[in-house]
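Note sheet for the following structure.
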Amino acid sequence: MIPTEYYLILSLALFTIGVVGVLTRRNVIIVLMSIELILNAVNINLVAFSHHFGSVDGQVFAIFIITDAAAEAAVGLGIILAFFRNRETVLADEMDMLKW
Amino acid sequence: MMSPLPFFLAHIWLIPMFPLATAAMMLFFGRKLQKSVIDVLCAGSVFVSFIFSVGGFLQLLSLPQNNRIAINVLFEWLPAVPYHMLDGRIANFVADWGFQLDPLSAVMILVVTGVGFLIHVYSTGYMAHEGGYYRFFGYLNLFMFAMLMLVLANNFLLLFVGWEGVGTCSYLLIGFYFHKKSASDAGKKAFIVNRIGDAAFLLGIFLTSAVLGTIRFADIGPALAAGNFNVGDPHLVAIALLFFVGATGKSAQIPLYVWLPDAMEGPTPVSALIHAATMVTAGVYMVTRTSAIYQLAPAAMAVVAMVGAITALFAASMGVVQTDIKKVLAYSTVSQLGYMFLACGVGAFTAGIFHLMTHAFFKGLLFLAAGSVIHALSGEQDMRKMGALSKKIPITYWTMLIATLAIAGIFPFAGFLSKDLILGKAYEKDILLWIIGYFTAGMTAFYMFRLIFMTFHGASRVDHEVEHHIHESPRSMLVPLVVLAGLSIAGGWVAWPEIFGGNSAFIRFLEPVVAVPHEMREEAVKGVSSRLGEIHLMLLSEGLVVLGILAAWYLYIKRTELPQQIANRLGWFYRLVYNKYYVDQIYDALFVNRAKDLGLALGAFDRTVINGAGVNGAGWLTRFISKILMWWDTWIVDGSVRLGARLVWLLSYPVRMIQDGLVQSYMLLIVVGLIGFLAYYFHLAHQVMH
Amino acid sequence: MIVNQALFCFFSVMAVVSAILMVTRRNIVHGAVFLISTLLATAGIFLLLQAEFLFVVQIILYVGGIMVLFVFVIMLVNLDVSLRQVQFNRQKYVAIVLTIVLAAQVFFALWIARNGVNLTNPSFKMPARNTEAIADAIFQHYMLPFEIASILLLVAMIGAVVMAKRRV
């Protein structure tokens, strides 16, 4: 058996990479993809624990997370499209109108 | 109180009011009136005053001789204020608007209104073509009002009101042709020189109230009696001298006579009325009015007599060489006024008033006739450009000749009787005074006939264009001349002396007023009778007069080249007299220019110090203060506001920097928060676990 | 057991490497492809954890649905322009440091607890039939979240349509 903490460390690694991607990249599509990566890391964490404790609750939660990720991706991409049509840019640095 | 006064005596106060009313009318709507209306109104008001004067005089005669006095008090002007006199007694200073008619003021109002009326009539003709017709008559009537107030006043203060009033009208009328600088200068000179005398007069009034406790004429006699004054009391001498200085200003004696010759700039009727017949006699009237004080101050009387005599001689000498016809008459007036003061100075106050009256007749006539000559010659006043006019303007010539005979003192014309009375009194008092007066009479005859010969006789030296227009004056001008000529002949007969069988009615009439000492009273009537008899004095003076006339004839008709030769021979002396002894220039250097310097200095002071330090300084100070306030406002007041704003800006700096609109920076903060949260959570967990 | 370990190694390396590559690629399409690879590796991990249903759902939904959607949008966005732009923003150094700190914290927690909680040996057994167990769980215990999830999807669909629509 693989010790559960191995899976947790994998999850942590993916989570870290995802966070780095969110904070660092200028292209918002990459940012969205990094967010998917984070969600996936969380999924791995949940499923690892569901396997550890022998219940499917973790997996059910993971299903819901996937559902939510899909919805969020759809809406987020729609927003990016709308923004791109207005401003011709997909760079997060240039999307700073919501300030004083 | 007493029985009600007869009509005219009860209405003395109206006499000055008639000309005042017409003067006011001229002031308010004179400009719109027609000439004929102005004539009737202005001359008419004076005529009405004359009627009232005659009525008052006649009703005065009906009173007993020792109580010929009538007083009208209109209202109390200054209510009684108690004060301390010089010797400690308490007196009340009270002045009322009161009018007093007694023999002295009766004579004065008759002369003033009578001669004044004639001159008004004359002016309607003389001023007919001048501009400002209504203004002239307005001023003239105003003058009549002031002069009548002067002579009718019952106290010094009201007299002073009239005194100042005639001075003002004199200024207005001398400067009537105000477009001419010489005329307006002459008016100023008259007023300012008068003012000096007026200051002394005022001081005299103050001293009178301090010493005697009253300023009412009727109360002066009792006050003098009650005060136990010795003859020669210094206070009384001071009062008398102060009054006399005032008189020298108004009546043109040395040293304040300089304004009278310049006053000839005014129209000729003005010269006749104001500077011959009436205003200049105000000084004599005033001295006579206060004769009671003078009687107790022999030193002052000596001064009056001396000044009068010297002025008479001095002015006569200047009259001999003048070439302007009016200037000759002006100096003659100064000289004759000197005679009047000489009379007062030797105690013959009534003789002085008598000469005042005759002088009004013949001097007024002389001026009016001179005006007629000037009118005929289209404005020429220089005698060197006259001559051979006797046939061309006969009425003017004959009337002027009559007046000249009167002034020279030919028996039985008016001037002879009055002048002779004065010389007689002078002879009694001091032979020196008589000598001065005697020779002055000779000079008077000389220069007056010089005037006649140069103007009317000899060859014609008239300019060509002027010669064509020579014409006799209109009737309005000639009738007064004739009337005055008649008065110049017969005016003196009211005081026909006892020597010739008369009763000197005039002198007797005036006596109760002038406080002549009893012993002099008889002599005033009889005439002098020491060393030389009166007849002898008369013959002496007549002789000198005839000599003077002959000399004038010789120099100005027979051998007309002589005057110039004599002038050349006399050289510097002639020039001295011709230039009026340079008195005007001396006064200018001593007083006038010094006063102007003071004015300039004060003006410079005003400009530099007052304007500089004061006005400009105040301006500079205000700007300086405003600069400070502006600094305060900008840096302190605004600064505190801006400080608050900047403080908020500084404090909001971190918060501002955080909200940059970038989502990723927000997420970074979330991570930071997460790190912090986890650290805290682990810390707690650590505590729980251990 | 070696198979498990080998598979685990393989899938985890693949996931991590793909993830790193995805985050660092200039070309977005490459990034998308690497994400797909990461997701596939994740699916493999699920399989190792005896979550068969989730394995399938991951592939069908995540890779087949979401990533296709991503690729569609990538095509619609100006690809050429973004190739020439700067890829990393100004806060990259701070971000990396902070993220490492965060990872270190969590790793530290795991390290502390390695002896405390019995994580090494899973003591419970998973149900034999995974899909049925999940179905039981969803439709009995987690019915409400299920319904809410469906509403969420509805909302998302409407939102996506509205967002992507051209202006009327």
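Values quoted throughout were computed directly from the atomic coordinates according to the rules given, and no laboratory measurement underlies them. The model shown is predicted, which means the values in this text are computed figures rather than measured ones. Cβ atoms come from the backbone with ideal geometry, glycine included; neighbour counts cover every protein chain shown.
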Notebook entry, point to check: For C:ASP136 and C:TRP111 in one chain, what is 0.36 nm times their gap in residues minus the Cα-Cα distance, to one decimal in nm?
Noted result: 5.4 nm
Check: Given B:LYS189/B:LYS327; B:LYS189/B:LYS250; B:LYS189/B:LYS596; B:LYS327/B:LYS385; B:LYS363/B:LYS425, which pairs have Cα atoms separated by over 19 Å?
Finding: B:LYS363/B:LYS425
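By average Cβ neighbour count within 10 Å, what is the ranking of B:371-378, B:624-631 from highest down?
B:371-378, B:624-631
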Check: Amide H to amide H, which residues 5 or more places from B:LEU256 or on other chains are under 5 Å from it, using H placed in the peptide plane?
Finding: none
Note to self: Run the simple label-point estimate for B:LYS558 and C:ILE2 please: 7 Å along Cα→C-beta, distance reported in nm.
What the structure shows: 19.0
Checklist line | trypsin sites (Lys or Arg not before Pro) within region B:15-115: DSSP coil, no more than 14 neighbouring Cβ in 10 Å | finding: B:ARG89
Checklist line | Part-to-part distance (alpha-carbon centres) for region B:215-281 and region C:30-78, which is given in Å | finding: 140
Check: Taking 0.36 nm per residue of separation and subtracting the Cα-Cα distance, what length does fully extending B:HIS471 through B:LEU540 add?
Finding: 20.8 nm
Next item on the list: Would you grab the residues whose amide H sits under 5 Å from the one on B:VAL73? Only those 5+ places off in sequence or on another chain, please, with H modelled 1.01 Å from N.
Entry: B:PHE99
Note to self: Apply the a/c threshold of 1.5 to the C-alpha gyration tensor of the protein assembly as shown and tell me whether it is rounded, prolate or oblate.
What the structure shows: prolate
Notebook entry, point to check: Rounded if a/c is under 1.5, else prolate if a/b is larger than b/c, else oblate: which is region B:297-358, with a ≥ b ≥ c the root eigenvalues of its Cα gyration tensor?
Noted result: oblate
Check: Add -39500 (n - 2.57) for each DSSP H run of 4 or more in the protein assembly as shown, then divide by its residues: what number comes out at 222 nm, to the nearest 500 deg cm²/dmol?
Finding: -23000 deg cm²/dmol
Checklist line | Distance (nanometres) between label positions extended 7 Å along Cα→Cβ at B:ARG656 and B:ALA595 | finding: 8.0
Item checked: Cα-projected label distance for B:LYS32 with B:ASP430, points at 7 Å along beta-carbon direction, nm -> 6.1
Item checked: Amide H partners (placed H, <5 Å) of B:ALA95, local residues excluded -> B:TRP77, B:LEU78
Next item on the list: Provide A:VAL22, B:VAL48 in ascending order of the number of other Cβ atoms located within 10 Å of each residue's Cβ, fewest first.
Entry: B:VAL48, A:VAL22
Next item on the list: Decide, for region B:1-96, between rounded, prolate and oblate: order the square roots of the alpha carbon gyration tensor eigenvalues as a ≥ b ≥ c, take rounded if a/c falls under 1.5, and otherwise choose prolate if a/b is larger than b/c, else oblate.
Entry: oblate
